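Data block below; observations after.
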Amino acid sequence: MARRKRTKKTRVVITGISGRLGQVLTRRLHRMDNMEVIGIDRRRFPQRPKDVEHLRIDIRRKACEDLFRRRRVDVIFHLGLMHDPRRGSDEHHSWNILGTQRIFDYAQRHGVPKVVLLSSADVYGPQDDNPAFLSESAPLLGALGFPQIRDLISVDMLAQSYFWRAPEIETVVLRPVHILGQVDNALSNYLRLKRPPVLFGFDPMMQVIHEEDVITAVMAAAKPGIRGIFNVAGPYGLPLRQLVELAGAEALELPHPVAPILVRQAHLLRLVDAPAAELEYLRYAVTVDDRRARELLRFTPQYSVSQAVDAALGRVVTDPAGQAAVQSPG
């Protein structure tokens, strides 16, 4: 009887593996026979699959480079950016900028052929003169009036610099629209409010995407030959007030001149995590052109907008395979 030939597994490293998106990606990859998954995250990963290796180390430290020095790595999924508004700006900057710099340095020094960075469409910023659909070449204006997004823009641009600094690395930058699901982010938390605030006279168009669809795009970006920047969007956009209606909530109408003062005070008192600058997303649209992802990544979202909202709220969601699952925030 002929001996079956063993195929070499693809070894991937996931930074931020303990975060929600890191966990979703891990479980998707774990189901594939030809994948070996190694995660890097200082946080615990309580329900980690047994054959997934989890290194609780700092990506900025020597111990992290030792991993790449000693073992061949085929793909790095860099999901480990810090978005915690309770952390100081210095810690944010060091983790996000220096940490990303280290990841790309490791890849360049130790021959990692592919790095996929999960950025965000927030880098474009809500502006009153935004075009209907922003392409990947649009200016990154998200930090205007919103300094908290400055690090994300710096990380995005740092990754872009490796297009020419290390052309041997297939660098991919993904910019998804608002992600909904069991994630702890601004829009998911907003839709969980009993009375989500809206501003008199404003009803911006919103694009959202289910967390599972984001991971589908992340995995598609890892295919050989794929490089560059890709906007990633859900099936369609809809006005903010319709999104609130889908959540089954009653909007709280606020006059725009008063809203920043109220939110600023609530933020200072730690009643809300969102800074007042995020109110600009309730005024102006940030909608992207996702044709590159659809054409080059062959990406098509599988979850509807209503399913994405349901996932954020902990409602039962039927996946594309017809399996029902209860989504619980967190």
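The values are calculated or read from the model by the stated rules, or taken from the named source; none is laboratory data. Just so it is clear, the model here is predicted, and its values are computed rather than measured. With ideal geometry, Cβ positions are generated from the backbone for all residues, glycine too; neighbour counts draw on all protein chains shown.
Summary table below
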item: Qualifying positions in the stretch 37-74 - farther than 14 Å from Gly22 by Cα, among the acidic types (Asp, Glu) and surrounded by 13 or more Cβ atoms within 10 Å (Cβ to Cβ); result: Asp58, Glu65, Asp66, Asp74
item: Some residue of the stretch 150-173 being closer than 18 Å to Gly125 by Cα and among the small types (Gly, Ala, Ser); result: yes
item: Matching residues, the stretch 136-170, being in contact with a Lys or Arg (Cβ under 8 Å, 6 or more places away or on another chain) and farther than 20 Å from Leu187 by Cα; result: Glu136, Asp156, Phe163, Ile169, Glu170
item: Test result for Arg72, basic (Lys, Arg), in a loop (DSSP other than H, G, I, E, B) and farther than 24 Å from Glu170 by Cβ; result: no
item: Subset of the stretch 116-150 that is charged (D, E, K, R) and either part of a loop (DSSP other than H, G, I, E, B) or touching a residue at least 60 places away in the same chain (Cβ under 8 Å) (or both) - its residue that is surrounded by the fewest Cβ atoms within 10 Å (Cβ to Cβ); result: Asp129
item: Any chance Val12 is of a type in the set (Val, Ile, Thr) and within 17 Å of Ala107 (Cβ to Cβ); result: yes
item: Top-ranked residue in the stretch 27-42 [being at pLDDT below 95 and in a loop (DSSP other than H, G, I, E, B); ranked as farthest from Ala222 (Cα to Cα)]; result: Arg42
item: Val24 among the aliphatic types (A, V, I, L, M), in a helix (DSSP H, G or I) and at pLDDT 90 or above; result: yes
item: Candidates Val177, Val172, Val155, filtered to the one that is modelled with pLDDT of 95 or more and in contact with a Phe, Trp or Tyr (Cβ under 9 Å, 6 or more places away or on another chain); result: Val172
item: Selection count, the stretch 126-152, where residues are modelled with pLDDT under 95, within 17 Å of the chain's Cα centre (by Cα) and closer than 20 Å to Phe230 by Cα; result: 5
item: Subset of the stretch 154-181 [closer than 28 Å to Tyr303 by Cα and among the hydrophobic types (A, V, I, L, M, F, W, C)]; result: Val172, Val173, Leu174, Val177, Ile179, Leu180
item: Qualifying residue in the stretch 159-174 (condition: closer than 22 Å to Trp95 by Cα, without any contact (Cβ under 8 Å) to a residue 24 or more places away in the chain and part of a loop (DSSP other than H, G, I, E, B)); result: no
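This table checks each residue for (1) of a type in the set (A, V, I, L, M); (2) more than 22 Å from the chain's Cα centre (by Cα).
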position: Lys50; (1), (2): no, yes
position: Gly80; (1), (2): no, no
position: Ala107; (1), (2): yes, no
position: Ser119; (1), (2): no, no
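Residue-wise test of (1) out of contact with any Leu (no Cβ under 9 Å at 6 or more places or on another chain); (2) at pLDDT 95 or above; (3) assigned to a loop (DSSP other than H, G, I, E, B).
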{"position": "Lys50", "(1), (2), (3)": "yes, no, yes"}
{"position": "Ala63", "(1), (2), (3)": "no, no, no"}
{"position": "Leu81", "(1), (2), (3)": "no, no, yes"}
{"position": "Arg87", "(1), (2), (3)": "yes, no, yes"}
{"position": "Trp95", "(1), (2), (3)": "no, no, no"}
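Yes/no matrix, rows are residues, columns are (1) surrounded by fewer than 18 Cβ atoms within 10 Å (Cβ to Cβ); (2) closer than 16 Å to Pro126 by Cβ:
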{"position": "Asp184", "(1), (2)": "yes, no"}
{"position": "Leu187", "(1), (2)": "no, yes"}
{"position": "Leu199", "(1), (2)": "no, yes"}
{"position": "Val208", "(1), (2)": "no, yes"}
{"position": "Ala221", "(1), (2)": "no, no"}
{"position": "Pro224", "(1), (2)": "yes, no"}
{"position": "Ile229", "(1), (2)": "no, no"}
{"position": "Val244", "(1), (2)": "no, no"}
